[in-house]
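The values are calculated or read from the model by the stated rules, or taken from the named source; none is laboratory data. Computed from a predicted structure; not experimentally measured. Note that we place each Cβ from the backbone using ideal geometry, even for glycine, and neighbour counts take in every protein chain shown. Only protein heavy atoms, including side chains, enter the accessible area calculation; ligands, DNA and RNA are left aside. Shrake-Rupley method; radii C 1.70, N 1.55, O 1.52, S 1.80 Å.
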Amino acid sequence: MKNISHQNISHDSLVTLFSQAPVAMSLLMGDDFIISNANEQMLELWGRDASVIGESIFKAIPEIKSQGFVEILNNVYRKGEVFNGNKWPVFLNKYGSYEEHFFNFIYSPVYNEEKKVIAISVAATEVTDQVISERRLIDSEYRFEDLIKKSDYCIAIYETEDLYIELANEPMLKTWGKDASVIGMKLEDALPELEGQPFIGILRDIFKTGKTYMATEDSADLVVDGRLQTFYYNFSYKPLKNSAGEVYAIYNTAVNVTDLVAARKEVQEREKKYRDLADSMPQFVWTSDRHGRINYMNDNWYKHMGFDKNEDPNEALRKIIRPDIYPKISKIWEESVRTGKSFEVEYEFADPENSEVYRWFLGRAIPNFDQNGEISEWIGTFTDIDDFKQLQTQKDNFLGIASHELKTPLTSLKLYTQFIETNLSKQGDLKNAEVAKRMNSQIDKLTELVNDLLDVTKIQNGKIQLNESEFDFDQLAEDVIVEQQMTARHKIIFHNNEIGNVTADRHRISQVMSNLISNAIKYSPDADEIIVSTEISGNMVKFSVKDFGIGIPEDKRQKVFEQYYRVSGTKEHTFPGLGLGLYISSEIIKRTGGKIYVHSIEGKGSDFCFEIPKIKI
């Protein structure tokens, strides 16, 4: 080993060189590639100890024999060529673990004085961690690029201040109205229509400031489908920085919100149109949020009421409603907001010119629903009905006076008719006596109508009185049924559960019973029977009349208890009456402390019921 190169290098010097080298080094002698020397770094790299020195490299590290090193070493030894391995993969069995490692190494021929290769010097460095990191970086970059390409958002990356398009996914290309051929071009060359728009300047400034730029619903003019169009975007320009903190690229994300902006503008235009319409209406038009807080009143409200537009409309409304009815109205409104049912109430508003004078207004509101079926807002109106209320009062007064004045002549007319009927019967003129009898029956019907009108005026004026006493409810029901059966074609079937005595106005309860039975007969012309039943539950007595007649549509069931309501449509003239009976009955039952209601199926019949307390508590 004393003459292994062109110069004479001592063996000791060679050993010193190997041991002090900062990299892994070894010397393979002869064509058997005997390990003549290997420093600590090389032994660590192989995963072997010093016992391998003196052995063939393929005996010391047998696993490399099948990995191409036989050919490599033979080529270096026989041809004298230097072999460089860069990030070369090698599977080594190190410390009982067979794993892949990566190395940078050099195999160099060593010559003797005759210039014959007698050995191979090996210098190596393990770069496994570096290779793994690079692979991870490549994988990460691939995943990042793949994520960008597959993203539904518009994404692009611009390099250097010249803004070369390094990457742009399909949504971004579609937004630009371009194809992949623009990748690699300058942004201003790829989209020349950006000239005169602020985007190029903003992007270049980011290379200087290093600050992210974000915009919401910003407009951009782009040539798409061959024509210049305006689009709206939410977008951001985020600087990408190297380890020195220098901006080397800009990451651009964008979302096309053109449809959203257009839809909102359409809604705003529509709202303006509706508000202009509301401002032109004579009524007071208002809206509230879904919680019932008023957030808009039309101009007519402020014009006539004299309130400032900066004043809370909820507080303003509270000020002008008659104080003693405000809690009741507030409760009704809260119930509508809670249930989503339409709101309709008559108010008394203080006159803006005289707070001692009140005018009547009709308040109405209906809910608007969103796409999920939830209430989004309420739309309402206040309509001045004071003149109507005055006319209604005059009408009620007139009806009261007229009805009262009619009672006296009707009483006299009934007596005269009965007298004529009796005399004709005595004279044997039965034909004319029958005419007189029918006349008497018509006078009874006219008297009932007059009595109804009188009851209505009493109710309107709060003058209807209930003369309460204790009476036998079962006997009253029997008496009313017998009386109704005398003139009815229908068979009245009575299902009686013993009720006993109740405390109420016997005459008025009898009036309600008669009204429900006569209505059942009237509105079931094709049926042969009606069913009357009574029952008791706790302290509540229930009386119901079931018919098999025309029934009531669902949207009209509560209206039957309103004043002057009658069957509408083609049947309006089929069933006579003023539409007062159920209204009067309803008011009597309410004042008795009970409730009246109806269950009905159109075309199959109705079941009218009232419930009253058995004993007043």
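At-a-glance table
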| read-out | value |
| --- | --- |
| Some residue of region 335-349 being open to solvent by less than 30 Å² (accessible area, probe 1.4 Å) and in contact (Cβ under 8 Å) with a residue 60 or more places away in the chain | no |
| Where Val122 falls short, out of the listed (1) over 30 Å from Ala168 (Cα atoms); (2) touching a residue at least 40 places away in the same chain (Cβ under 8 Å); (3) hydrophobic (A, V, I, L, M, F, W, C); (4) not in a strand (DSSP E or B) | (4) |
| Output for region 535-561, where each listed residue is in a helix (DSSP H, G or I) and farther than 17 Å from Thr592 by Cβ | Glu554, Asp555, Lys556, Lys559, Val560 |
| Failed condition for Lys590, given (1) modelled with pLDDT under 75; (2) within 22 Å of Ile509 (Cβ to Cβ); (3) open to solvent by 70 Å² or more (accessible area, probe 1.4 Å); (4) not small (Gly, Ala, Ser) | (1) |
| Yes/no for Val512 being in a helix (DSSP H, G or I), touching a Phe, Trp or Tyr at 6+ places or on another chain (Cβ under 8 Å) and touching a residue at least 24 places away in the same chain (Cβ under 8 Å) | yes |
| Options Ala262, Ala254: the member that is under 30 Å from Glu166 (Cβ atoms) and of a type in the set (Gly, Ala, Ser) | Ala254 |
| Test for Arg318: is it open to solvent by less than 80 Å² (accessible area, probe 1.4 Å) and of a type in the set (Lys, Arg) | no |
| Scan of region 597-617 for residues that are open to solvent by 20 Å² or more (accessible area, probe 1.4 Å), touching a residue at least 60 places away in the same chain (Cβ under 8 Å) and β-branched (Val, Ile, Thr), ordered by number | Ile615, Ile617 |
| Out of Asp299, Asp289, Asp279, sole residue that is modelled with pLDDT of 90 or more, out of contact with any Cys (no Cβ under 9 Å at 6 or more places or on another chain) and of a type in the set (Asp, Glu) | Asp289 |
| Residue within region 244-258 that is free of Cβ contacts under 8 Å to residues at least 40 places away in the same chain, touching a strand residue (DSSP E or B) at 6+ places or on another chain (Cβ under 9 Å) and surrounded by fewer than 12 Cβ atoms within 10 Å (Cβ to Cβ) present | no |
| Residue match in region 187-198 (condition: modelled with pLDDT of 90 or more and either assigned to a strand (DSSP E or B) or small (Gly, Ala, Ser) (or both)) | yes |
| Matching residues in region 526-551 - criterion: being free of Cβ contacts under 8 Å to residues at least 40 places away in the same chain and not charged (D, E, K, R) | Ile531, Ser533, Ser537, Gly538 |
| Residue in region 286-315 that is surrounded by the most Cβ atoms within 10 Å (Cβ to Cβ), counting only those that are within 35 Å of the chain's Cα centre (by Cα) and of a type in the set (Lys, Arg) | Arg290 |
| Residues located in region 89-119, provided they are open to solvent by 90 Å² or more (accessible area, probe 1.4 Å), over 22 Å from Phe33 (Cβ atoms) and outside any strand (DSSP E or B) | Tyr95 |
